[in-house]
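The values are calculated or read from the model by the stated rules, or taken from the named source; none is laboratory data. It should be emphasised that the depicted structure is a prediction, and the values quoted were computed from it without experimental measurement. A quick note on method: Cβ atoms are made from the backbone with ideal geometry, for glycine too, and the neighbour counts reach across all protein chains shown. The protein model used for the area step is the full one, side chains on, heavy atoms only, and it has no ligands, DNA or RNA in it. Shrake-Rupley method; radii C 1.70, N 1.55, O 1.52, S 1.80 Å.
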Amino acid sequence: MQATAVAQPNIALIKYWGKRDTELNLPAVGSISITLSGLYTRMHVDFTADLEADSLLVNGEPNDKLLPRLGRALDNCVGTDRPRARIASEANFPIAAGLASSASSFAALTVAAAAALQRDCTTAELANLAGRASGSAARSLYGGFVELKNSDDAVSVSSILDPLDWPLEVVVAVTEKGPKPVGSTEAMEISRQTSPFYERWITDQESDLATAREAIAARDFKALGAIAEHNCLKMHSVMWSSRPPIVYWSDATLACLETIRRLQADGVEVFFTIDAGPQVKAVCAPGSAPAVREALGATAGVQALLDAGLGAGARLE
Ligand code: PMV
């Protein structure tokens, strides 16, 4: 009746932004991501205590703000008639700040909850259950390079390249540690309803996915970087052109992009991507990370650097 699971965040290179079904939390577009190593969320779920209500500790502190969303995820995963749970989560990186903490949290929660109640689920089923709570969490069930495709009323997720076959590294420049001003679920709906660029974003996604798939298969860093940066800036253009505008960037976000452009001009193999937050993720070809770390560390407004490689999918401990 209790289990612990660990999951790692993932960063989309070809992004998911917008839902085709808000009830089932199904994405409007496919996406391609990399699962990270080095950063993790560990979730312990305990159904043994015969409690009146769920409880949650985040890094040892009670957290009633995040509890309802985790409770709903448990309902979705193992049914509303489930026993109440004691949940304890621990992460070694800031949460709710555009660092994909929801992906690792819900992936780990789903794996732990299913195991605690002895549900015999395949990884594909677990990915769909995790995706109900957070679209990007479905991808953290798998390691390395991961593609999420839409299929009828579900998603189908698979690993498209093993991390050992192309061991990229990621340097995350943390520019702000606080929670983001607007959550991705609400922001995606605002974009869908108001951005004049939204339709075009959806129709162009297939071609971006195909370009990225080819670049990954060929281990073509330059081609992957070009399509990933383009796709990221397009997603942020959809956000910026929403009403009200959704702007997650800070001055330091832009300063990091300038640093990365300078590194690229100097021949360093690196590209950027940015999610629903002000942090900049610098994806580095093998061997480039030290130069990238040094340059981002010296960039105005950067508060911390996090280092990651490519890692494995969610698993029981
Ligand atoms: O899974 P959510 O609801 O946290 O949304 C993730 C959205 C982005 O991080 C901006 C893009 C992505 O594909 O991960």
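The table that follows gives values for the structure above.
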{"quantity": "Checklist (1) more than 13 Å from the ligand (Cβ to nearest atom); (2) within 27 Å of Thr4 (Cβ to Cβ); (3) touching a helix residue (DSSP H, G or I) at 6+ places or on another chain (Cβ under 7 Å) applied to Ala133, failing item", "calculated": "(1)"}
{"quantity": "Total residues in the stretch 28-65, condition free of Cβ contacts under 8 Å to residues at least 24 places away in the same chain and assigned to a loop (DSSP other than H, G, I, E, B)", "calculated": "3"}
{"quantity": "Verdict on Val171 being closer than 21 Å to Cys284 by Cα, open to solvent by less than 60 Å² (accessible area, probe 1.4 Å) and away from the ligand (no atom under 14 Å from the Cβ)", "calculated": "yes"}
{"quantity": "Residue check for Trp166: under 30 Å from Ala291 (Cβ atoms) and either open to solvent by 10 Å² or more (accessible area, probe 1.4 Å) or within 14 Å of the ligand (Cβ to nearest atom) (or both)", "calculated": "yes"}
{"quantity": "Breaking point among (1) within 16 Å of the ligand (Cβ to nearest atom); (2) open to solvent by 20 Å² or more (accessible area, probe 1.4 Å); (3) closer than 30 Å to Leu305 by Cβ; (4) part of a helix (DSSP H, G or I), for Pro179", "calculated": "(4)"}
{"quantity": "Residue match in the stretch 70-86 (condition: in a strand (DSSP E or B), farther than 17 Å from Leu126 by Cβ, β-branched (Val, Ile, Thr) and out of contact with any Pro (no Cβ under 8 Å at 6 or more places or on another chain))", "calculated": "no"}
{"quantity": "Residues (touching a strand residue (DSSP E or B) at 6+ places or on another chain (Cβ under 8 Å), within 14 Å of the ligand (Cβ to nearest atom) and open to solvent by 20 Å² or more (accessible area, probe 1.4 Å)) located in the stretch 1-48", "calculated": "Tyr16, Arg20, Ala28"}
{"quantity": "Pairs where the first residue, in the stretch 195-211, is open to solvent by less than 100 Å² (accessible area, probe 1.4 Å) and the second is modelled with pLDDT of 95 or more and among the basic types (Lys, Arg), C-beta under 6 Å, 6+ apart", "calculated": "Tyr198/Arg192"}
{"quantity": "Checking Arg119 against (1) more than 11 Å from Ala73 (Cα to Cα); (2) open to solvent by less than 30 Å² (accessible area, probe 1.4 Å); (3) away from the ligand (no atom under 14 Å from the Cβ), the condition it does not meet", "calculated": "(2)"}
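Yes/no matrix, rows are residues, columns are (1) modelled with pLDDT under 95; (2) part of a helix (DSSP H, G or I); (3) farther than 30 Å from Ala114 by Cα:
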| position | (1), (2), (3) |
| --- | --- |
| Leu254 | no, yes, yes |
| Leu257 | no, yes, yes |
| Arg261 | no, yes, yes |
| Lys281 | no, no, yes |
| Gly287 | no, no, yes |
| Ala295 | no, yes, yes |
| Val302 | no, no, yes |
| Leu306 | yes, no, yes |
